[in-house]
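Note sheet for the following structure.
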Amino acid sequence: MVDYTQIKSRLAELEKLPSLKSNNSIPKALEKAGFTRRDFMKWAGAMTAFLALPASLTPMVARAAELADRLPVIWLHMAECTGCSESLLRSDTPTIDSLIFDYISLEYHETVMAASGWQAEENLESAMEKHKGNYVLMVEGGIPMGDTESYLTIGPHGKTGYKIAQEASNNAKAILAIGTCSSFGGIQAARPNPSNAQPLSKVTNKTVINVPGCPPSEKNIVGNVLQLLLFKELPSLDVYNRPKWAYGFRIHDLCERRGHFDAGEFVQAFGDEGAKKGYCLYKVGCKGPYTFNNCSRERFNQHTSWPIQAGHGCIGCSEPSFWDAMGPFEEPMASHKFDTVFGLGADSVSDKIGIGVLCLTGVAIAAHAVISSTQKDKE
Ligand code: FSX
Ligand code: SF4
Ligand code: F3S
């Protein structure tokens, strides 16, 4: 049940805070980029549905977006490719999501700020001091720890990424791990993990909301910011601390090729007749049945496309240890033994039930795929 009074009082609290952006307002920014108020409200309506909130909340979601300049954000880069930031920033025309991101008071973000070296380090320290206890910390990248902590050393004082992330976490109001690297270690944590890269949750005892994906979609990043603006409490999270509104379904559940899976129509090799007809990619390695994310519903870049639409299977990029657990990427899971990601870190009874169901589903999927394709082959 959504508590409207609580949301209203949360927005009223935000309204009282000073805008952290001078000479800027979201209506002006939208107008400058050619968006009308109607476009903005349409976007707010879509975001409301996206966050699994009732449509009657649309005006409040719009208001929350307008108040995004009251929320100080510190965004740190650790060991990664910067794809998460690029996911938001690299659209060829500005989207409302990217405008909202610009409009958020990014007090510190290494990719988009002009400062470097001493000045950058100073900017980070002063932002942390000025907004102590009030800022949202967003971290991209895995964090080398232990004997190899110094493998990630940042800035002229030679501070390690671990120390910076720890200090920034200590004084943050809310913490988001952006991308699979920060959520679970990602590519640099793949076996043999030479830098001992670890997820952000290993650096702090505070709750870290994981927003995985390599990269996560722009919508999942902005949606989480809106969620923090609208609610005092954390969103409902799954066993891997992923918000359920975004990671509650498997890719396979809403995949556009699902009809072909059910009919036993599979691509057998890239470029074959089945590929041309848009058949299911399970047999060429799609990990959609084991992956929790909303790509099949939301796609990327303003709903333009996503991996499966482009013709390659999902590689499970929002799951823990996906580099090790989901590979080889172009072979089906059923044909080899795998370290199931569902077995990692699960410790409650309900999780065990969930894992059981998922493993069974995995077996059923493999069996279903084999049976239906045999039937198809006979035909
Ligand atoms: Fe890259 Fe972000 Fe992947 Fe990691 O994304 S897109 S390697 S999740 O931390 O920059
Ligand atoms: Fe879609 Fe992959 Fe499932 Fe096939 S196996 S329906 S391509 S998610
Ligand atoms: Fe990643 Fe699979 Fe989505 S590879 S981007 S979770 S379709």
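Computed from the coordinates by the stated procedures, all read-outs in this text should not be read as laboratory data. From a predicted model like this one, the values you see are computed outputs, not experimental measurements. Cβ: placed from backbone, ideal geometry, glycine included. Neighbour counts: every protein chain shown.
Comparing Asp69, Asp97, Asp272 in a Gaussian network model of the chain, where Cα atoms under 10 Å apart are tied by springs, the biggest mean-square fluctuation is seen for Asp272. Seen against the Cα atoms of the chain and their longest principal axis, helix 349-378 is set at about 40 degrees. DSSP beta bridges fully contained in the chain are about 30 percent antiparallel.
On a C-alpha basis, how far is the centre of segment 40-98 from the centre of segment 123-171 in Å? Whole number, if you could? About 24 Å separates the Cα centre of segment 40-98 from the one of segment 123-171. Summing charges over neighbours of Tyr162, with a neighbour being any other residue whose Cβ is under 13 Å away from its Cβ, gives 0 when K and R count +1 and D and E count -1. Counting only DSSP H runs of at least 4 residues, each contributing -39500 (n - 2.57), and dividing by the residue count of the chain, the helix-based mean residue ellipticity at 222 nm comes to -11500 deg cm²/dmol.
Sort Lys206, Lys163, Lys28 so the one with the fewest other Cβ atoms within 10 Å of its own Cβ comes first.
Neighbour counts put them in this order, fewest first: Lys28, Lys206, Lys163.
FRET efficiency for the pair Val112 and Gln309, taken as 1/(1 + (r/R0)^6) with r the Cβ-Cβ distance and R0 = 41 Å, rounds to 0.90.
With a threshold of 19 Å on the Cα-Cα distance, the over-threshold entries among Lys173/Lys232; Lys42/Lys219; Lys8/Lys219 are Lys8/Lys219. For Cys314, nonlocal amide neighbours, meaning residues 5 or more places apart or on other chains whose placed amide H falls under 5 Å from its own, are Lys287, Gly288.
Round to the nearest 10 and give me the degree value, 0 to 90, for the angle of helix 218-230's Cα axis relative to the longest principal axis of the chain. Result, in degrees: 50. From the alpha carbon centroid of segment 1-17 to that of segment 267-319 is 40 Å. Panel order for Ile7, Ile187, by other beta carbons found within 10 Å of each beta carbon, from fewest to most: Ile187, Ile7. Note on the chain: with a GNM built from Cα contacts shorter than 10 Å, the maximum mean-square fluctuation among Ala114, Ala275, Ala325 falls on Ala114.
Selection among Ser9, Leu234, Cys214 by position relative to the dipole of segment 4-244 gives Ser9 as farthest towards the positive end (Cβ unit charges, Cα centre).
Using the Cα coordinates of segment 4-244, the gyration tensor eigenvalues translate into equivalent-ellipsoid semi-axes of 30, 19, 17 Å, sorted from longest to shortest.
Taking other C-beta atoms within 10 Å as the exposure proxy, Tyr4, Tyr103 rank Tyr4, Tyr103 from fewest upward.
Which residue, Leu76, Leu11, Leu88, tops the fluctuation ranking in a GNM of the chain built on C-alpha contacts under 10 Å? The residue with the greatest mean-square fluctuation here is Leu11.
Residues whose amide H comes within less than 5 Å of that of Gln268, counting only those at least five positions distant or on another chain, are Gly274, Ala275 (H built at 1.01 Å from N in the peptide plane).
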